[in-house]
1. Between K70 and T152, how many nm apart are label points set 7 Å from Cα along the C-beta direction?
2. So, in nm, how far is label S129 from label D47 when the simple model puts each one 7 Å beyond its Cα toward the Cβ?
3. Compute the label zone of A122 within region 38-79: residues whose backbone N is under 14 Å from the point 7 Å along Cα-to-Cβ.
4. Hey, got the dipole for region 98-188? About the Cα centre, +1 on K and R Cβ, -1 on D and E Cβ, debye to the nearest 20?
5. Quick check: net charge around A82, other residues with Cβ under 13 Å of its Cβ, Lys/Arg +1 and Asp/Glu -1?
6. Enter the accessible area per residue of region 46-188 (Å², integer; probe 1.4 Å; all protein chains in place).
7. With a point put 7 Å past each Cα toward its Cβ, work out how far M113 is from S61 in nm, to one decimal.
8. Thinking of region 33-141 as a set of Cα atoms, what percent of all their pairs are more than 23 Å apart?
Amino acid sequence: MRTNVMQMTKPPLRLLTMTLGDEIRLLLEAPTMNASDVRTLLRHDQDEAIKIARDMYESESAEERRELFKRLRPDFTAFARAEEREVYEPLQRRTSGTNGRDHANEGAVEHSMLDDLMERMARSRKSESDEWKAHAGVLLDFLERHVEAEQTGLFDALAEHFTDDERAAIGRRFVMAKARMSMKAKAA
């Protein structure tokens, strides 16, 4: 069942907090992570981005596609910049081998590719066209692959190189950075 776009608009405070239901769902899905673990926070945002991208791709309404895109792009941009700064950079500093560094470097490159794809979609503005829908399909596919790679490789590297307390601290910094990035994006 498709949700009305107007019902999907997030309240501004959702950037800083999760509902109790969100926390319970995340804990049940990832019993080895607590709600403040950065991996849980990342998974929550990644799942939300995939849901929006899927709804955007599957929508038959050009207006609904535009509204979903207007929501996805700034949310993804804030998420990606915060993840790069507060997750990838500490992982790169902590790891001397290739495991963690590769995941961080590849993640940053993939974010850049997703940014470029969304920029092309924003310039097109023809969300009713088959070409725009094809872009939305590629975006969904690439986003799903990126998330799958992170939830296996990156999450394992974070577990290996950081303690529970360190992952919780990274999670707090990530949430704060994402909120700052979101405010900047909305102000621009």
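The values are calculated or read from the model by the stated rules, or taken from the named source; none is laboratory data. Since the model is a prediction, treat every value here as computed from it, not as a measurement. So basically every Cβ, Gly included, is an ideal-geometry build from the backbone, and we count neighbours across all protein chains shown. These accessible areas exclude ligands, DNA and RNA; they are computed on the full protein's heavy atoms, side chains included. Shrake-Rupley method; radii C 1.70, N 1.55, O 1.52, S 1.80 Å.
1. 3.8
2. About 3.6 nm, to one decimal.
3. 69-79
4. I would put it at about 740 debye.
5. +1
6. For region 46-188, the per-residue accessible area is 52 Å².
7. 3.3
8. Pairs farther apart than 23 Å: 34 percent.
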